[in-house]
Amino acid sequence: MSRMPVAAGDIREIAGQPVFVPLYKLFLAYGEMFILAIGPKKFVVVSDNDVAKEMLLTQANSFSKGLLSEILDFVMGTGLIPANGETWKIRRRVVVPSLHKKYVASMVDMFGDCGVHGSAQLAKSEAEGKTVEMENFYSRLALDIIGKAVFNYDFDSLKKDDPVIKAVYTVLREAEYRSVTFIPYWKVPPLQWLVPRQKACQEALVVVNDTLNMLIERTKKIVEDADEEFVEEYLSGDDPSILNFLIASGDDVTSKQLRDDLMTLLIAGHETTAAVLTWTTYLLATHPEQMRKVQEEVDRVIGDRRPTIQDMMELKYTTRVINESMRLYPQPPVLIRRALEPVTLDGYKIETGTDFFISVWNLHRNPRLWPEPDKFIPERFPLDQKMPNEVTENFAYLPFGGGQRKCVGDQFALFESIITLAMVCRRFDVDLDPAFHPDGECGMTTGATIHTTGGLHVKLKRRAGANGAEMGFDETVSSLDELEDVNTRGGTPEAASAAFDEKELQEAKDVKEAAVVVGAATVGASGVKSGSGGAKGESPSIEGERFDQAVAEAEDILAKEEAARVEAQKAR
Ligand code: HEM
C-alpha cells in the first residue's frame, strides 16, 4: 500500500456533502485506487472495474462487510446484508430459493394492484390541484409492496400513518444515520444527541420486533393449517410470502435469526427501489424526449390494463431508462468491504483489516469506462442487446453488486420498478414544480441510498386518452400531502427522531472540522485550507504554529467524541 496515492490537502471538502460527490473529485485527482486518510482511519477508495471484479468475484472470500456489519448489527443482526462467514453462507442458501421464478412471477400481479392504488392517490392529489412529493410517495408504495411480498402484511402506508409504519421508519433512519456517521469526518453525534436517538430507536425496535413476532406466529399457523407439500418452487396459494416459504421449508432457525432475515429483506428491498423510482422520475421529468418514448411504449404495450410478466419483455425502452437511471444514481452509491487477509490488488499489497469503499458512483461515471458519463442516455444500452449487468459491462456497472454477494432481489426489484414506472407514466405527465425546483435541479444527500435534499416535488397532469377509470379514488382517505414525510433526510443530524438546537449543530460542525484538521496532519500536511473559515472559524487557512495548535485542539475534541461514543455504546 505504500506506493498508493494518498488523498490529502483539501480533505475539508468532504465534510458536509454527500460522501460520493467529493470521492468523485478525489478520484479524478488521485486515480482509480487511492487512500483516504482521516485521522487514525484509512480507507482505500476503488473506482477501477478490474479491482472491483477482483474484490467482489475473484477474491471475494478474502473480504467481509467489515464496518457495515458493525453498524447494522443493532437492526439486522446477522441478516444477509451484514452477515459474514459461515452464517452468511447458510442463510444465503436458505433465503435465495424463496425468491424463485414462480414467486417473482406471482408478485407481478401484486405490483400491478399496488400501482393502481398508488395511481389513485396521485389522481386524488391531481384533482385537488396539489403538488406531489414523489420521494415520500415511492417510499410508501415500496413499503406496502415489500410488506406484502416478505410477510403478507398490508402496511397500507399510502393511505395512513400508524405506529408500526412510524417505527419502521425510525429504525430505518437510524440505520441510515449510522451508516454515514461511521466515517469520523462525517457527522459524529455528541452524546446528548445519541441518548434521545437511542431511546426512540429502542422503542421503535420493540414495536417492529413485536410485529415481526406476531407475523411469524400467524404464518406458522397458516402453514400448519394448510399442510401443503413442500416442493421445489413451493408457493402457497393463500400466502405466497417469503416468510411462508421459509417456515414451510422446515428451515431450522432461531426466531432471532428469522427476525434478522425478515428485517434485512424489509429494509434492503424497500428504500433501494423507492430511490431508483424517485431518481428515474426526476430524470424523466427533466428529459421530455425520453419521457415521450416511455409513454409511447407503455401506451402501445399495456395501455390501461395491468402489466403481465410477458409485458416485461416488451417494455424494453422503459427498462433501459431504469438501467440508465441506476447507472447515474446507484443505490447504494458505495459498497463497503474489509480485507480478511493480506491481498494483492492491482499490484498493491494490502494488509489484513484494511477498509475499502468500492465507489459504484465513480465506476458508473468513470470517463474511461463511459462516454459522456454524466449524461442521461438510455440509448447507450441498445434495445436489441442483452440487458446490461455486471457481467455484460465487465464490472463497470454494478447496480445490484456482483459476485457471491450480489443482490438476491434484483429480478423482483426490476419488475417492481418497471411496472410502477410504466403505470405512473401511462397515467400522468410529470413536471417539476418550479416553486420547489427553480433551477430544475434536485439536490442529493447521502443515506444508505441517495436521497433528495428537499423532496422531489412534481405537478401531475392526467394524460388525455389514458382512460384511468380504474383509478377511482376514495374521497374519505387521507391525501398524500396529509401523510407524514417519511423521508426525514436520511443521514443528516436533522433526520434524527429528536430535535436539535443551534448549539448542538455547531458542536457537530466542530467535530467535523476537527477531524479534517487531524486528517490533514496524519497524512503529513503542515496546514489546511478551509472553504468555510478555518477549523475554529478564525481564518480560511491554518499553517505553521497555528496549525500545530489547531491539531492539538482538534485531537482533544475527537478524543472527547470517542469517549462519548464508547459510553453510548456501553449504555445500549
Ligand atoms: C432497485 C432495488 C435494489 C437495488 C438497487 C439493490 C442493490 C443491492 C446491492 C448493490 C447489493 C450488494 C451489496 C454489497 O455487495 O455490498 C444488494 C444486496 C442485497 N439485496 Fe438488494 N437491491 C435492490 C432490491 C432488493 C430487494 C427487492 C431485495 C429483497 C426482496 C433485496 C435484498 C438484498 C439482500 C438480502 C442483499 C444481500 C445479499 C448478500 O449479501 O448475500 N434487494 N442489493
- Item | Test result for F111, within 14 Å of the ligand (Cβ to nearest atom) and either polar (S, T, N, Q) or buried (at least 21 other Cβ atoms within 10 Å of the Cβ) (or both) | yes
- Report, by residue number, each residue of segment 43-58 that is surrounded by fewer than 18 Cβ atoms within 10 Å (Cβ to Cβ) and either out of contact with any helix residue (DSSP H, G or I) (no Cβ under 6 Å at 6 or more places or on another chain) or within 12 Å of P5 (Cβ to Cβ) (or both). D50, T58
- Message: Within segment 74-85, does at least one residue satisfy the condition of being under 21 Å from I350 (Cα atoms), at pLDDT 95 or above and outside any helix (DSSP H, G or I)?
- Response: no
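Only residues that are over 22 Å from V294 (Cα atoms) and near the ligand (Cβ under 7 Å from one of its atoms): list them for segment 325-340, please.
Q331, P332, L335, I336
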- Task: For segment 393-416, enumerate the residues that are within 6 Å of the ligand (Cβ to nearest atom), part of a helix (DSSP H, G or I) and not charged (D, E, K, R).
- Result: F412, A413
- Message: Can you tell me which of (1) touching an Asp or Glu at 6+ places or on another chain (Cβ under 8 Å); (2) within 16 Å of the ligand (Cβ to nearest atom); (3) closer than 26 Å to D225 by Cα; (4) not β-branched (V, I, T) is the one A274 doesn't meet?
- Response: (3)
- Task: With the condition kept exactly as written, say whether any residue in segment 296-310 is within 16 Å of the ligand (Cβ to nearest atom) and either outside the structural domain of E416 (by TED's automatic domain parsing) or farther than 19 Å from K53 by Cβ (or both).
- Result: no
- Task: Spot the failing condition for R427; the list is (1) within 20 Å of T273 (Cβ to Cβ); (2) modelled with pLDDT under 95; (3) within 16 Å of the ligand (Cβ to nearest atom), and only one is missed.
- Result: (3)
- Message: Quick test for you: out of L398, L315, L328, pick the one residue that is over 24 Å from R426 (Cα atoms), surrounded by 16 or more Cβ atoms within 10 Å (Cβ to Cβ) and in contact (Cβ under 8 Å) with a residue 40 or more places away in the chain.
- Response: L398
- Assuming T319 fulfils every condition listed in (1) at pLDDT 90 or above; (2) under 21 Å from G79 (Cβ atoms); (3) among the polar types (S, T, N, Q) apart from one, which condition is it? (2)
- Which of the residues that make up segment 360-392 are surrounded by 13 or more Cβ atoms within 10 Å (Cβ to Cβ) and assigned to a loop (DSSP other than H, G, I, E, B)? R365, N366, L369, W370, P373, F376, I377, F381, M387, P388, N389, E390
- State which residue pairs qualify: first residue within 18 Å of E314 (Cβ to Cβ) and inside segment 374-385, second residue crowded, with 16+ Cβ neighbours inside 10 Å and among the aliphatic types (A, V, I, L, M) in any location, beta carbons under 6 Å apart, and separation of 6 or more residues or different chains. P378/V321
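Report yes if P373 is farther than 20 Å from G269 by Cβ, within 14 Å of the ligand (Cβ to nearest atom), outside the structural domain of T264 (by TED's automatic domain parsing) and modelled with pLDDT of 95 or more, otherwise no.
Answer is no for this residue.
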- Taking segment 30-59 only, how many residues are assigned to a helix (DSSP H, G or I) and either more than 19 Å from P367 (Cβ to Cβ) or at pLDDT 95 or above (or both)? 10
- Task: Of all residues in segment 79-103, count the ones that are of a type outside the set (A, V, I, L, M, F, W, C) and surrounded by 20 or more Cβ atoms within 10 Å (Cβ to Cβ).
- Result: 5
- Could you say which residue among I267, I322 is of a type outside the set (F, W, Y), within 13 Å of the ligand (Cβ to nearest atom) and more than 12 Å from the chain's Cα centre (by Cα)? I322
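The values are calculated or read from the model by the stated rules, or taken from the named source; none is laboratory data. Bear in mind that the values here come from a model prediction, so they are computed numbers and not experimental data. Don't worry about glycine lacking a Cβ; one is built from the backbone with ideal geometry, like all the others, and counts go over all protein chains shown.
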